[in-house]
Amino acid sequence: MKKNIFKTIILLATATSLSSCDSKLELYPQDAVAPEQVGGAEGVKLLNGIYDAFQNGNLGSGYAYLSYVTEDLSADNLKYRATFFQHGEIDNNAILVDNVLVSRYFSFPYVAIQRANDLIEIVNAASNIDDATKNKLLGGAYYFRAYGYYRLVTIFGAVPIVKNRDIVELPRNTVDEVYSQIIDDLQASIANPAPFVNSNEVSADAAKALLARVYMIRGDKANAKKYAQEVINSGKFAIDSNYGSMFSSPYESKEHIFKIANTPTEGSNALDYFLQHPNMPGGGRAELPVDESLVAAYEVGDARKAASIQEIKAPTANAGWYAKKYQDAAGNGAHPFYISRLAEMYLIVAECDVTTSPTNALAAINTVRKNRGVKELSSITLNDIIKERRVEFAFENLRWSDMRRTPSPSNPSKSMAQVYLESKGRSINDAIYPIPQSAINTNPKLLPNNTGYN
């Protein structure tokens with residue numbers, strides 16, 4: 001895996017446009033499957049194909065794994081050091097429309113979305129699939145379609161909604177319309193309840209967890225709390241008292257609700273290669289060190305610090321702090337992508353109740369804190385919760401969304417993201433990414449671009 005990355009690193013570092021990789025086939029692939037021939041076994045293979053799209057992007061849209069930390073890089077958890085200037089644009093919140101990494105971040109979710117469209121259409125037309133298998137297939141397909149749109153809308157804003165197998169150029173839907181589609185799909189996933197087997201498979205609980213997050217982003221606290229509480233009260237999950245074990249082989253924990261697994265054979269997760277220092281287990285290239293402000297955010301005794309980051313001291317070259325959550329000592333790219341954990345459900349409840357029921361909010365946040373080696377809080381503010389989320393979910397691709405939706409403690413009339421951007425000479429327009437030029441070349445109906453990128 002890492003040898004392949006090394007072979008292509010110079011090419012990607014100098015590339016400014018790979019529009020040939022982002023063809024209509026990549027955006028809207030179509031499977032030639034006759035619905036009447038599909039049974040449960042074939043349907044499961046098609047569902048596995050959707051998982052595969054979220055592992056490595058497929059069809060020329062590689063480096064998809066880097067999108068799983070792009071929110072941390074846009075925000076204040078990671079910073080750019082060297083080599084991939086595309087990472088520097090993201091870190092500086094000054095992304096150009098020809099950024100090849102961002103082009104892949106836009107295109108690969110559509111691969112998964114179209115595969116989900118295919119599976120939904122095929123299963124609904126099939127007559128020889130039992131109800132339990134249909135639930136597994138439809139529950140998974142609706143979830144993944146929602147997750148694909150979630151990944152798109154949170155960093156690109158308005159994007160086209162594709163719900164069938166047609167290959168056509170479509171204009172962008174509004175942000176509200178995309179979120180409505182996400183909510184509808186997650187509700188459909190819950191209505192076709194895939195049972196919880198393990199955290200490597202989509203379940204109705206995973207759909208509820210993502211739905212709670214989406215409602216939180218949208219400011220619908222009543223529904224955010226409702227679904228978070230349903231996951232908590234299901235009795236299927238528990239806060240892990242050993243934080244580090246969740247991110248160590250075999251990557252199993254009662255706290256995991258859903259994660260996208262990667263095997264040594266697939267080698268689809270090379271985040272350790274970009275986030276780690278060469279001296280760390282499994283190696284790395286020290287591309288994206290940890291921002292010092294995150295290091296300072298950990299309290300004394302917080303078990304999350306040693307489990308999440310590691311200091312490489314001078315005189316070693318490129319000394320500093322580096323992420324270790326995606327540490328794979330064998331260097332096989334076999335580490336999972338973490339999508340939902342139970343701790344998020346407790347912190348969502350805390351955020352929903354912080355002003356209306358501070359006692360309940362305290363109980364929720366302290367359920368997490370007492371398992372992380374830090375003292376329980378005696379009072380609580382929104383800022384306490386957002387800080388808790390930062391250290392709890394560092395490098396789990398949530399930080400930029402949190403900063404964009406949260407009022408700044410220093411200037412409540414602006415979001416944390418806006419204050420952060422302005423401190424770097426950027427504007428609120430830079431809070432979302434541009435629609436890539438390669439995608440616009442394929443589909444001119446994507447214009448106009450996001451404000452500030454035209």
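Readers should treat all values here as calculations from the given coordinates under stated rules, not as data from a laboratory. Note that the coordinates shown come from a computational prediction; the quantities given were computed from them, not determined experimentally. All Cβ positions, even for glycine, are placed from backbone atoms using ideal geometry, and neighbour counts span all protein chains on display.
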Using θ = phi - 60° and the Karplus form 6.51 cos²θ - 1.76 cosθ + 1.60, what ³J(HN,Hα) does each residue of the stretch 305-319 get, whole Hz, x for Gly and Pro?
5, 5, 7, 10, 9, 9, 8, 10, 8, 5, x, 4, 4, 6, 4
7 Å from Cα along Cα→Cβ at both N318 and S413: what's the point-to-point distance in nm?
4.3
Placing +1 at every Lys and Arg Cβ and -1 at every Asp and Glu Cβ, with all other atoms neutral, what dipole size does the chain have around its Cα centre, in debye to the nearest 20?
700
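How about the stretch 272-361: which trypsin sites (Lys or Arg not before Pro) there lie in a loop by DSSP and see at most 12 other Cβ atoms within 10 Å? Mind dumping the intermediate values first?
Working: sites: R285, R304, K305, K313, K324, K325, R341; in loops: R285, K313, K324, K325.
For trypsin sites (Lys or Arg not before Pro) across the stretch 272-361 that sit outside H, G, I, E and B with at most 12 neighbouring Cβ atoms in 10 Å, the list reads K313.
Averaging sequence separations of C-alpha pairs under 8 Å and six or more residues apart, then dividing by the length of the chain, give the relative contact order as a whole percent.
Working: 863 pairs, mean separation 87.1, N = 454.
Relative contact order for the chain comes out at 19 percent.
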Provide the gained length on full extension for the span A306 to V44, in nm with one decimal, where the gain is 0.36 nm per separating residue minus the Cα-Cα distance.
90.4 nm
Where nothing but the Cβ of Lys and Arg (+1) and of Asp and Glu (-1) is charged, how large is the charge dipole of the stretch 159-256 around its Cα centre, in debye to the nearest 20?
240
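Provide I90, I440, I309 in ascending order of the number of other Cβ atoms located within 10 Å of each residue's Cβ, fewest first. Present the calculation step by step, with values, prior to reporting the outcome.
Numbers: I90 27, I440 18, I309 23.
In increasing order of surrounding Cβ atoms, one gets I440, I309, I90.
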The answer for the net charge of residues other than V197 whose Cβ lies under 11 angstrom from its Cβ, with Lys and Arg +1 and Asp and Glu -1, is 0
In terms of the charge dipole of the chain, which places +1 on Lys and Arg and -1 on Asp and Glu at the beta carbon, the residue among A132, F54, N242 farthest towards the positive end is N242
Roughly what would the spin-label model give for D131 and N92, points 7 Å off Cα along C-beta, in nm?
5.9
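Cα gyration tensor of the stretch 95-148, axes a ≥ b ≥ c as square roots of the eigenvalues: rounded (a/c below 1.5), prolate (a/b > b/c) or oblate? Walk me through the numbers on the way to the answer.
Details: a/c = 5.80, a/b = 3.36, b/c = 1.73.
Here the stretch 95-148 falls in the prolate category.
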Once you sort the root eigenvalues of the Cα gyration tensor of the chain as a ≥ b ≥ c, which label holds: rounded (a/c under 1.5), prolate (a/b larger than b/c) or oblate (the other case)?
rounded
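Relative contact order of the stretch 346-428, please, whole-number percent, based on alpha carbon pairs below 8 angstrom and at least 6 residues apart.
Numbers: 78 pairs, mean separation 13.9, N = 83.
About 17 percent, as a whole number.
Under the rule of -39500 (n - 2.57) per DSSP H run of 4 or more residues, summed and divided by the residues of the chain, what mean residue ellipticity at 222 nm is obtained, to the nearest 500 deg cm²/dmol? Show your work: numbers first, answer last.
Details: 19 runs with 215 residues, N = 454.
So the helix-based figure for the chain works out to -14500 deg cm²/dmol.
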